[in-house]
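Novice: Here it is, the structure, as structure tokens.
What follows is calculated from the coordinates using simple rules that are stated; it is not laboratory data. This one's a predicted model, so the numbers in the text were calculated from it and none came from an experiment. Positions of Cβ are backbone-derived with ideal geometry, glycine not excepted, and every protein chain shown enters the neighbour counts.
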Amino acid sequence: MARRVSSRTVLNRKALNAIAAGFADGMEDIGQAFVEVIDPPDATPYGEGLVTTPDWGVWGGGKKIAGTATKPRGATVKQGLTLVAGEGFPGRFQEFGTVNHRAQPHFVKAMDQVIEGASRYLAPKVKARLARVK
Amino acid sequence: MLDPLPKILIELRNDVEVDALVDGRVRGWEPAEGDAQPFGKYKAFVVLVRLDAPRLPRAPIQQASIAVRCYGTDKANAYAVYAACSDAIHNIGPRLHNNGLGIYISHDDTGASQDADPVTKQPLETFVIRLSATTQEVA
């Protein structure tokens with residue numbers, strides 16, 4: 001006689017999917033918050049430069065599920081959920097400086113500001129998703 | 001509020017392995033005159049820049065991020081300079097400096113990122129030190 005799949009097991013699987021979806025929603029908000037908080041030195045109205053607009057993207061299981069950023073070559077996104085947020089190529093020279101250009105730190109500051117309060121983005125989204133699980 | 005960067009700079013400058021490679025050329029904020037040289041005349045040197053140092057809301061502690069650029073005479077030398085700097089500060093426990101700054105712990109938070117200066121093309125390795133330190137003098 002075949003074993004019956006218990007309803008409790010089915011419910012747990014649905015909840016796991018809801019938790020992952022909630023995390024994905026929350027990471028979208030984190031990426032958006034980072035873009036709003038960061039202040040690139042070349043952003044208007046102060047000047048015209050190469051680093052003016054940050055971007056973000058969320059990848060789930062290797063597939064892009066949110067955001068508009070292109071995946072950086074070095075980023076590994078095959079498993080789980082990954083949020084990548086940042087600036088284009090010259091960004092690291094702005095952040096760290098070069099021999100002829102002083103450092104203009106702005107990226108790590110924005111990252112610390114957003115990451116420190118990450119739970120306030122994640123918690124409500126996970127709760128909302130779990131509330132819909134029957 | 002106490003700045004941790006000068007003390008980390010001193011720690012790197014006083015480290016025997018770092019000094020053997022850069023001969024005292026550990027700089028804060030920007031390279032000194034004569035550090036940056038054109039191709040064929042590269043010198044090894046280190047530049048530290050404080051990225052941020054947010055304070056905890058109540059406890060008198062700051063968690064600073066300091067970017068370290070390790071320039072080398074070639075790619076292997078740049079990595080050797082990075083390795084010496086990383087060994088000098090990674091997982092080093094509580095220490096007290098003469099101005100009252102206490103550093104609880106410091107870590108190489110990112111590992112080395114290989115790069116080259118966009119103007120001189122000198123090889124360099126970049127990493128970020130993350131540390132927890134006091135914001136006020138301690139005895």
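Novice: Return the percentage of antiparallel bridges among DSSP beta bridges fully within the stretch B:1-107, rounded to the nearest 5 %.
Specialist: Percent antiparallel among DSSP bridges in the stretch B:1-107 is about 80.
Novice: Still on this structure, I have one more. List every residue whose amide H lies under 5 Å from the amide H of residue B:135, counting only residues 5 or more places away in sequence or on a different chain, with H placed 1.01 Å from N in the peptide plane.
Specialist: B:61, B:62
Novice: Please arrange A:106, B:90 by how many other C-beta atoms lie within 10 Å of their C-beta, fewest to most.
Specialist: The order, fewest Cβ neighbours first, is B:90, A:106.
Novice: Once R0 is set to 41 Å, what does the formula 1/(1 + (r/R0)^6) return for the Cβ-Cβ distance between residue B:37 and residue A:79, expressed as a FRET efficiency to the nearest 0.05?
Specialist: Taking R0 as 41 Å, the efficiency between residue B:37 and residue A:79 is 0.35.
Novice: For the protein assembly as shown, what's the radius of gyration and Dmax over Cα atoms, in angstrom?
Specialist: 22.4, 84
Novice: Okay, moving on. Tell me the Rg and the Dmax, in Å, that the Cα atoms of the stretch B:65-139 produce.
Specialist: 14.6, 45
Novice: So, one more: Return the ratio Rg/(2.2 N^0.38 Å) for the stretch B:1-73, where Rg is computed over Cα atoms only.
Specialist: The stretch B:1-73 yields a ratio of 1.29.
Novice: Restricting attention to the stretch B:23-80, which chymotrypsin sites (Phe, Trp or Tyr not before Pro) occupy a DSSP loop and are surrounded by at most 16 other Cβ atoms within 10 Å?
Specialist: Loop-located and lightly packed - B:29, B:39.
Novice: In square nanometres, what is one fourth of the surface area of the convex hull spanned by the alpha carbons of the stretch B:13-139?
Specialist: The number I arrive at for the stretch B:13-139 is 8.1 nm².
Novice: Continuing with the same structure: Taking chain B, how many lysine pairs are there with alpha carbons less than 21 Å apart, if each pair must be eight or more places apart or span two chains?
Specialist: Step by step, the pairs that qualify in chain B add up to 5.
Novice: Also, quick follow-up: With the cut-off at 18 Å, report for the stretch A:73-134 the share of all Cα pairs above it, as a whole percent.
Specialist: Value for the stretch A:73-134 (Cα pairs over 18 Å): 59 percent.
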